[in-house]
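The values are calculated or read from the model by the stated rules, or taken from the named source; none is laboratory data. The model shown is predicted, which means the values in this text are computed figures rather than measured ones. With ideal geometry, Cβ positions are generated from the backbone for all residues, glycine too; neighbour counts draw on all protein chains shown.
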Amino acid sequence: MDEHTLIVKQLARDISEVENGGSKTEALLDKAWKSGKFAYRIGVTGPPGAGKSTLVNCLAAAFSDAGKRTAVISVDPSSPFTGGAILGDRIRMNALSGRENVYIRSMASRGSLGGLSLKTHDVCDILDGYGFDIILIETVGVGQIELDIAQAADVTLTVLVPESGDDIQAMKAGIMEISDIFIVNKADRHGVEAMIMHLRSLIALRKNYSTLPWEQPVLRTIATSGDGVEAVLKALHDYRDMLEKQQAWHSIRSERMKNKVFQIVNDTLSAHFWTPEKQKLLRKELQSATSAQQSPFRIAEKLLATLRKA
Ligand SMILES: Nc1nc2c(ncn2[C@@H]2O[C@H](COP(=O)(O)OP(=O)(O)OP(=O)(O)O)[C@@H](O)[C@H]2O)c(=O)[nH]1
Ligand SMILES: [Mg+2]
């Protein structure tokens with residue numbers, strides 16, 4: 001087996017280990033952080049079928065052509081199975097599979113939605129450690145979980161289509177806040193101008209989406225033919241430039257680090273706290289809670305009081 005194949009196999013194993021929360025997770029993340037390398041993380045979100053994968057394909061090919069080591073992660077929070085959508089992505093992604101500097105991976109939720117965005121962070125850290133320059137993270141849909149996943153990224157692209165009016169209506173605040181770049185894909189269809197105007201008017205209404213000096217651009221693409229992809233690449237480049245000039249490139253990373261430390265400490269404290277005895281005490285209190293006319297605060301108080309005794 002050649003060296004490249006060996007590295008890719010090792011990478012796949014490392015990612016699986018981290019995804020499953022295996023015993024080597026900490027050691028792998030230590031090693032990744034030691035590398036001191038950071039990829040540019042690009043989140044791509046938007047409603048089902050908007051053309052996210054087709055666009056990600058175009059972007060990955062362009063980055064790869066420019067000599068950038070590029071990873072594509074497609075995260076599907078809607079299904080715990082490696083279902084049709086991801087299989088479809090895989091087939092289309094085959095256009096990239098001959099390239100040595102492109103790595104493709106899909107992640108499914110396996111039932112626990114909450115953990116998925118945290119896992120996505122860890123997988124990105126592993127990819128950092130392997131020296132990737134670019135990580136494209138595709139998530140289906142426009143729900144809260146997808147927004148969380150998108151926020152694992154340095155920059156978020158929202159891909160819409162001329163018919164996306166209802167999706168925007170449903171998710172208006174979330175979409176407007178997290179999107180750094182808007183794309184109206186399927187610009188070969190009727191209604192593209194109206195959608196662009198609609199987005200621009202919403203952007204104009206939301207003056208303070210970010211403290212960074214950045215105006216959310218609205219770009220049009222035809223991902224199937226590659227039309228408009230150059231402008232998307234330029235916007236991604238400009239955004240990163242802006243982050244670096246504002247010293248935000250580092251503050252994003254330290255903010256992520258802080259969140260991770262909070263999460264580790266909270267998980268550890270909570271795991272220590274919920275001993276079998278405390279769980280038993282909780283069950284006992286719950287059984288008598290209604291008859292004793294207690295609020296949850298009083299039960300929590302009793303449980304926490306055991307800390308003081310300890
Ligand atoms: N007409 C037209 N069709 C497009 C364009 N971009 C993508 N498509 C088609 O739209 C369909 C969905 O594209 P995908 O790239 O799979 O969309 P997606 O957003 O990744 O879909 P999910 O991951 O399933 O949410 C495919 O049949 C694409 O060929 C475009 O610009 N114009
Ligand atoms: Mg897709």
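Just a few scattered comments:
- Residues (touching a residue at least 24 places away in the same chain (Cβ under 8 Å) and either within 16 Å of ligand 2 (Cβ to nearest atom) or over 21 Å from the mean Cα position of the chain (by Cα) (or both)) located in the range 157-175: 157, 158, 159, 160, 161, 162, 163, 164, 165, 167
- Per-region count, the range 85-104, residues at pLDDT 75 or above and not hydroxyl-bearing (Ser, Thr, Tyr): 7
- Residue match in the range 105-125 (condition: closer than 30 Å to residue 197 by Cα, surrounded by 18 or more Cβ atoms within 10 Å (Cβ to Cβ), at pLDDT below 95 and not hydrophobic (A, V, I, L, M, F, W, C)): no
- Of the helices (runs of 4 or more DSSP H) lying entirely inside the range 1-80, those carrying at least 2 residues that are within 16 Å of ligand 1 (Cβ to nearest atom) are 52-65.
- Listed here are the helices (runs of 4 or more DSSP H) enclosed by the range 228-310 that have at least 2 residues being within 24 Å of the chain's Cα centre (by Cα): 229-245, 248-273.
- Residues in the range 176-195 that are more than 25 Å from the chain's Cα centre (by Cα), outside any loop (DSSP other than H, G, I, E, B) and among the aliphatic types (A, V, I, L, M): 192, 194, 195.
- The range 194-208 residues that are exposed (fewer than 13 other Cβ atoms within 10 Å of the Cβ), paired with ones that are modelled with pLDDT of 90 or more and of a type outside the set (D, E, K, R) (beta carbon under 8 Å, 6 or more apart): 194/162
- Qualifying residue in the range 241-263 (condition: of a type in the set (Gly, Ala, Ser), surrounded by fewer than 14 Cβ atoms within 10 Å (Cβ to Cβ) and more than 16 Å from ligand 1 (Cβ to nearest atom)): yes
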